[in-house]
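**Student:** The following block contains the structure, expressed as structure tokens.
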There are 2 protein chains.
Amino acid sequence: MAKKKKTTIKDIANVLNISPAAVSKALHDDSRISKKTKKAVKQVAKNLNYQPNHLASALRKGKSNLVGVVVPRTNSNFFSSVIQNMEEVLNKEGYNIIITQSNESFKKECDNIDTLLFTQVDGIIASMANETVDLSYYEKVKSKGIPLILFDRGENDLNVDYIGINDYDSSHIIVEHLVKQGCKRIAHIGGYRHTRIFNNRIRGYIDALKKHNLPLDDELLIESSLTTEDGREKMLQLLALEKRPDAVYVAGDYAALGALQLLNEKDIKLPQEIALVGFGNEPFAAMVKPSITSIDQHSAEIGKQAAKVFLEHAKKDTINQSLNKIILKAELVIRDSSRLK
Amino acid sequence: MAKKKKTTIKDIANVLNISPAAVSKALHDDSRISKKTKKAVKQVAKNLNYQPNHLASALRKGKSNLVGVVVPRTNSNFFSSVIQNMEEVLNKEGYNIIITQSNESFKKECDNIDTLLFTQVDGIIASMANETVDLSYYEKVKSKGIPLILFDRGENDLNVDYIGINDYDSSHIIVEHLVKQGCKRIAHIGGYRHTRIFNNRIRGYIDALKKHNLPLDDELLIESSLTTEDGREKMLQLLALEKRPDAVYVAGDYAALGALQLLNEKDIKLPQEIALVGFGNEPFAAMVKPSITSIDQHSAEIGKQAAKVFLEHAKKDTINQSLNKIILKAELVIRDSSRLK
DNA sequence: TATATTTGCTTAAACGTTTAAACAAATATA
DNA sequence: TATATTTGTTTAAACGTTTAAGCAAATATA
């Protein structure tokens, strides 16, 4: 069986004995085409099962109507929810998205960006890998004049649009909550400082401790890759301290889960002996025993806003120099792991 | 700031005073181009920061080098692992993938397929939504002569390539394991029967019970949407029975998690009072307390095989009528939730 | 030395669409 | 009646690449 060749505008034109141009215009409801012709064209198009060739129109129009997305991974509720909402907004405007995952690898992230540029995407929406410190690849995108929007994991140094939550404030909200529960020795298992959001969470943690006149103890502040495995390990480290903390604020839910497992295994009572707070409000935070208090990052909103910012750019034919830096207020979802009173 | 216009093959040709055709050939290492010219072309290409226009070459060559992927969702470890491995294999051969999510909605699934066809993908690799019973959209893809490969959730009726595990056998393995642990009243919270894989798991469950001379009790076989929430509910239903089961085999890990939570809340001892087995080996299965015994579906292998099958098709210019139906043997990962001896 | 082959390039058409410009016919305006 | 405008269409070029066919010069073969 040979491959069928697809029907083109030309085929429709031949059937009706009109020019391809007329067909194209009829299909786009051009005002200069008669109703009669439009009707006939659409009928024939349907009969022949015509599907427009996106490549050809993209080439001619100079835009692909594709938006590239780069995320560290898709199998986290946060990213998949961001993507889903982003997609919804973009689809409505005729854009499709190409999703790529970096798996937290800088190399893969660069490859992904190359791939996306090669595919002629009209814009890139990205959240950077944990590893990423060298921003030259992002400069490359910028230098091509392609709209670049970062979310969650971004960098202030790069002069690009950004959508995220206020990490500094989030730490304040968490510490405040723990203080209210009566905790006095609050530890922080944070992410790597070179990633802006994690640095902000650490700064917020430190400043919030000061604000509540709690002593800052170096032992209680640990940097972590924030995987489940590393969460266990860092928790073990905290338990080994002479003066154990009475609360642990973990900068990611997966690591918080690891910490929780360890505490459960050691039969340490949550929240009585140690209160636990995570970050990200992954669905499992509500499902584990005890359920984990966590920060909700408004993933849906972030996705929608990112898409909207891209669309703003896309509508202008010159690069918009006015930057959008959208900072959403995060929300603390209080659950059993930290509910003392 | 105006948009920069990208350098094309023509620009390179102008610099070197040769024809665009020569440049194209030089870039593709055509044997008829001299080493000297090739070197010069590549140097100039680099200097001008040339990036090939994928749309133009795709249009000319009649293929986009894009593969469309349709999954129910990306935020499950199974699907994201399948995708990641698929991507790796395809990238090596110069293909990129477009990921779309159906969110288990039939309507969204159809939209996604339309989108992919519109984007001129060279093939589609899909796993169907729970809801999907009408297969006409898949027929549409087939009728276009575009390679279509299904994995995990597929349909035997559709004459297409398929990669998945042996669900029927998996049920046997699970029941056998539970019988070995001494269980005598094994319940099954299954998926919807109209989805082939779930039907196979149910058939396997029934036949395995017969094989071990266990009575088949209608009360013990329940269909479910297999969400965490529904897992709780169906477990509750089982607990309400006059004669409770001593083991529950849940056809999905998320639902198994819901069941586990409920059992934990009711202080029912696992595995002593009720043994629990899930399906899918999601990472959390190992992380919860007690850890859940589950079936590993070899997601990496499925992803790689699906990609390979697509590549086989892509290499031929006619539709290959010989079908690949690859059935992998699943592996039971035994954990605390069912370890009695 | 005459002829064949190879090398290294050019020309031109093609992929399927869009769109500016042109144009004839119909209709409106003076 | 002569001129202007509107309507409905066609023509042709363009988007950036690839590729079959052609051709001149260099080299090999007889």
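The values are calculated or read from the model by the stated rules, or taken from the named source; none is laboratory data. Everything numeric here is computed off the predicted structure, so don't read it as measured data. Note that we place each Cβ from the backbone using ideal geometry, even for glycine, and neighbour counts take in every protein chain shown.
**Student:** Kindly establish whether A:A307 is more than 14 Å from chain B (Cβ to nearest Cβ), in a helix (DSSP H, G or I) and of a type outside the set (D, E, K, R).
**Tutor:** On the way: more than 14 Å from chain B (Cβ to nearest Cβ): yes; in a helix (DSSP H, G or I): yes; of a type outside the set (D, E, K, R): yes.
Yes; evaluated as a whole, the condition is true for this residue.
**Student:** Out of B:S57, B:S64, which single residue is within 14 Å of chain A (Cβ to nearest Cβ) and either of a type in the set (D, E, K, R) or assigned to a helix (DSSP H, G or I) (or both)? Step through it out loud before you land on a result.
**Tutor:** On the way: B:S64 fails: either of a type in the set (D, E, K, R) or assigned to a helix (DSSP H, G or I) (or both).
After ruling out the rest, the residue left standing is B:S57.
**Student:** Only one of (1) more than 9 Å from chain A (Cβ to nearest Cβ); (2) surrounded by 15 or more Cβ atoms within 10 Å (Cβ to Cβ); (3) more than 13 Å from DNA strand D (Cβ to nearest atom); (4) over 30 Å from B:P283 (Cα atoms) fails for B:K35. Which number is that?
**Tutor:** The failed condition is (2).
**Student:** When only residues in the range A:75-93 that are at the interface with another protein chain (Cβ under 10 Å from one of its Cβ atoms) and outside any helix (DSSP H, G or I) count, which is farthest from the chain's Cα centre (by Cα)?
**Tutor:** A:N75
**Student:** Examine the range A:254-270 for a residue that is crowded, with 20+ Cβ neighbours inside 10 Å, of a type in the set (S, T, Y) and in contact with a Phe, Trp or Tyr (Cβ under 7 Å, 6 or more places away or on another chain), and state whether such a residue exists. Outline the logic, then answer.
**Tutor:** Pass one, the range A:254-270, residues crowded, with 20+ Cβ neighbours inside 10 Å: A:254-261, A:263, A:270.
Still in the list and also of a type in the set (S, T, Y): A:254.
Then keep just the ones that are in contact with a Phe, Trp or Tyr (Cβ under 7 Å, 6 or more places away or on another chain); that gives none.
For the range A:254-270, residues crowded, with 20+ Cβ neighbours inside 10 Å, of a type in the set (S, T, Y) and in contact with a Phe, Trp or Tyr (Cβ under 7 Å, 6 or more places away or on another chain): absent.
**Student:** If you go through the range A:178-235, how many residues are assigned to a loop (DSSP other than H, G, I, E, B) and either within 29 Å of the chain's Cα centre (by Cα) or assigned by TED's automatic domain parsing to the domain that holds A:L158 (or both)?
**Tutor:** So the count comes out to 9.
Matching residues to (1) within 16 Å of DNA strand D (Cβ to nearest atom); (2) farther than 27 Å from B:K144 by Cβ; (3) β-branched (V, I, T):
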| position | (1), (2), (3) |
| --- | --- |
| A:M86 | no, yes, no |
| A:I99 | no, no, yes |
| A:E109 | no, yes, no |
| A:L117 | yes, yes, no |
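**Student:** Checking A:D114 against (1) part of a loop (DSSP other than H, G, I, E, B); (2) within 11 Å of chain B (Cβ to nearest Cβ); (3) free of Cβ contacts under 8 Å to residues at least 24 places away in the same chain, which single condition isn't satisfied?
**Tutor:** (1)
**Student:** Report, by residue number, each residue of the range A:9-28 that is within 41 Å of the chain's Cα centre (by Cα) and more than 12 Å from DNA strand D (Cβ to nearest atom).
**Tutor:** Correct list: A:L27 only.
**Student:** Being outside any helix (DSSP H, G or I) and more than 30 Å from B:S57 (Cβ to Cβ): is that true of B:L158 here? Spell out how you get there, then give the answer.
**Tutor:** Numbers: outside any helix (DSSP H, G or I): yes; more than 30 Å from B:S57 (Cβ to Cβ): yes.
Criteria met by B:L158.
**Student:** Ok, one more. Within 12 Å of DNA strand C (Cβ to nearest atom), at pLDDT 95 or above and either more than 14 Å from every other protein chain (Cβ to nearest Cβ) or more than 30 Å from B:G145 (Cβ to Cβ) (or both) - does that describe any residue in the range B:40-49? Lay out the reasoning, then the answer.
**Tutor:** We begin by selecting, within the range B:40-49, every residue within 12 Å of DNA strand C (Cβ to nearest atom); these are B:40-41.
Among the residues that remain, those that are also at pLDDT 95 or above are: B:40-41.
Retained after the next criterion (residues that are either more than 14 Å from every other protein chain (Cβ to nearest Cβ) or more than 30 Å from B:G145 (Cβ to Cβ) (or both)): B:40-41.
Among the residues of the range B:40-49, at least one is within 12 Å of DNA strand C (Cβ to nearest atom), at pLDDT 95 or above and either more than 14 Å from every other protein chain (Cβ to nearest Cβ) or more than 30 Å from B:G145 (Cβ to Cβ) (or both), which makes the answer yes.
**Student:** Here is a check on your reading of the model: is B:V175 out of contact with any helix residue (DSSP H, G or I) (no Cβ under 8 Å at 6 or more places or on another chain) and closer than 23 Å to B:K211 by Cβ?
**Tutor:** On the way: out of contact with any helix residue (DSSP H, G or I) (no Cβ under 8 Å at 6 or more places or on another chain): no; closer than 23 Å to B:K211 by Cβ: yes.
No: the conditions fail for B:V175.
**Student:** Go through the residues of the range B:79-101 one by one and say whether even a single one is within 16 Å of DNA strand C (Cβ to nearest atom) and either at pLDDT below 90 or under 27 Å from A:N85 (Cβ atoms) (or both).
**Tutor:** Within the range B:79-101, the subset within 16 Å of DNA strand C (Cβ to nearest atom) is none.
Within the range B:79-101, none of the residues are within 16 Å of DNA strand C (Cβ to nearest atom) and either at pLDDT below 90 or under 27 Å from A:N85 (Cβ atoms) (or both).
**Student:** May I pose another question? How many of the residues in the range A:136-161 are within 13 Å of chain B (Cβ to nearest Cβ) and either in contact (Cβ under 8 Å) with a residue 40 or more places away in the chain or buried (at least 19 other Cβ atoms within 10 Å of the Cβ) (or both)?
**Tutor:** 5
**Student:** Here is a further query. List every residue pair whose Cβ atoms lie under 6 Å apart, where the two residues are 6 or more positions apart in sequence or sit on different chains, the first residue falls within the range B:122-135 and is under 16 Å from B:V67 (Cα atoms), and the second residue, located anywhere, is among the aromatic types (F, W, Y) and outside any loop (DSSP other than H, G, I, E, B).
**Tutor:** Cβ pairs passing all conditions: B:G123/B:F310; B:S127/B:F151.
**Student:** A further question on this structure: Filter the range A:51-74 down to residues that are within 12 Å of the chain's Cα centre (by Cα) and over 15 Å from A:T119 (Cα atoms) and give me whichever is surrounded by the most Cβ atoms within 10 Å (Cβ to Cβ).
**Tutor:** Taking the candidates together, the pick is A:V71.
**Student:** Just give me the residues in the range B:1-30 being near DNA strand C (Cβ under 7 Å from one of its atoms) and loosely packed, with under 15 Cβ neighbours inside 10 Å, in sequence order.
**Tutor:** B:N17, B:S19, B:P20, B:A21
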